[in-house]
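We did not get these values from a lab; they are worked out from the coordinates using the rules stated. Computed from a predicted model, the values in this text were never measured in an experiment. A quick note on method: Cβ atoms are made from the backbone with ideal geometry, for glycine too, and the neighbour counts reach across all protein chains shown.
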Amino acid sequence: MQTLQINTPGQKSDIFIVDSRQLFQQFCSPHRTVIITDRNLYHLYNSDWADFHVIVIPSGEKSKNLRRVEKIYFQFLSAGVDRDWTILGWGGGVVCDITGFVASTYLRGLDCGFVATSLLAQVDASIGGKNGVNFANAKNLIGSINQPRFVICPQDVLDTLPQKHFINGMAEIIKTAAIGDRHLFSLISEKREAILNRQPEILQEIIYRTIRYKAQIVSRDARENNERRLLNFGHTIGHAIEILTGILHGHAIAIGMYWAAAIANRLAYLSKGEVTELQQLLIAYGLPTTTRINCDRLCDIIYKDKKRQGNTIRFIILKSIGRAEVITLTYPQLKELLYDLRLPN
Ligand SMILES: NC(=O)c1ccc[n+]([C@@H]2O[C@H](COP(=O)([O-])OP(=O)(O)OC[C@H]3O[C@@H](n4cnc5c(N)ncnc54)[C@H](O)[C@@H]3O)[C@@H](O)[C@H]2O)c1
């Protein structure tokens, strides 16, 4: 077992990278815990939850909305959830985001924890306390920042994760490597085959390094006033692509990272060679680096991004592989840079 911790003002979150999911029983009592999960995971794991109250939501991004949140509040009411209960999200990023949000709003905040089951949830969505739902065609527009008491990242659940979702999670690992961990970048370049075959030791090592990087940043800047912004590398463009095309989060972020790297090159921050290096790594993991999209529509969605302030947007660029920086672009500047990339449409 490997452990990490996030310490933010007034909150502490313990993270456990473990072999077996059964650890969750040590953190919550059956009669005062609601497990929130999705349909796929319910079918796979419900035998672990005898005596627990379980709420099942439809799988996938379409569940991340206020209508689903309201339904869950009603289910809490009928289960008699009070302030002594724990809300446990058992699933991928969608389940973690919704669970974190309902737990931080119902009765003005309940105890919350996660069993993160997708690679993406283990290395990113369950870590750092951001939660929320999509609203009015914008990603995660409604939400809060509230650290879960515990996050369990069991390696045994990854056995049932479909390969396309495994690859989806690799995008956030590559993101971490690109913005802050050159060694991790080399590791995932060199050990591609072992990682794609889910060889346990190497997998656990890259999961640990990725979580450790995020945990350190969140501990220093939980509310994203400063360096936490770096974690948004690829997300300004990626979120807009995700909304417009409906492709998986990690796939959209992969395209967002490559386009952001190309923009960094255009602005003379990043060498052409390193743009290519990033692109080749994404492709080596079966991630896309481009998509057919209408540039005007893309820009319209980006305009709604949470990171926009008036007419400017904070944009994350790479200065080299392993080193990122936040720059400010005006919205027309970003639009022009995107047009310059000559995206197919
Ligand atoms: N809050 C954050 O900081 C943060 C960070 C990154 C991403 N996110 C959000 O995370 C979401 C994407 O997460 P995701 O890719 O995990 O999506 P997801 O939760 O939809 O899971 C992907 C699919 O894999 C299935 N699945 C998950 N674990 C499984 C397992 N062990 N075995 C079998 N099937 C399994 C799910 O049922 C689902 O069908 C997006 O909504 C994104 O916005 C949030």
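In loop segments of the range 226-311 as defined by DSSP, there are no GluC sites (Glu not before Pro) with at most 16 further C-beta atoms inside 10 Å of their C-beta. Given axes a ≥ b ≥ c from the Cα gyration tensor, I'd like to know whether the range 79-165 is rounded (a/c under 1.5), prolate (a/b larger than b/c) or oblate. Taking the square roots of the gyration eigenvalues as a ≥ b ≥ c, the range 79-165 is oblate. Scanning the chain for DSSP H helices at least 24 Å long along the axis (C-alpha atoms) with a Kyte-Doolittle mean no lower than 1.6 picks out nothing. Computed over the chain, the quotient of the alpha carbon radius of gyration and 2.2 N^0.38 Å is 0.96.
Shown for the range 163-340: lysine pairs separated by 8 or more places, or found on different chains, whose C-alpha atoms are under 25 Å apart, numbering 25. A cut-off under 12 angstrom between Cβ atoms defines the neighbours of Tyr331, and their net charge, with Lys, Arg +1 and Asp, Glu -1, is +2.
Computed with the Debye formula from one identical point scatterer per Cα of the range 201-345, without solvent, the log10 of I(q)/I(0) at q = 0.09, 0.10, 0.22 Å⁻¹ comes to -0.27, -0.34, -1.60.
In plain terms, the residue of Ser189, Ser47, Ser13 with the fewest other Cβ atoms within 10 Å comes first and the most crowded comes last, giving Ser47, Ser189, Ser13.
Look at the dipole of the chain built from charges on Cβ: of Tyr269, Gly10, Leu184, the Cα furthest out on the positive end belongs to Tyr269. Site pair Lys304 and Arg83 shows an inter-label distance of 3.7 nm when each label is modelled 7 Å from Cα along Cα→Cβ. Sorted from longest to shortest, the spans of the Cα atoms of the range 1-124 along the three principal axes equal 37, 35, 28 Å.
Since only Thr160, Thr37, Leu338 are under comparison, the one whose Cα sits farthest along the positive direction of the charge dipole of the chain, derived from C-beta charges on Lys, Arg, Asp and Glu, is Leu338.
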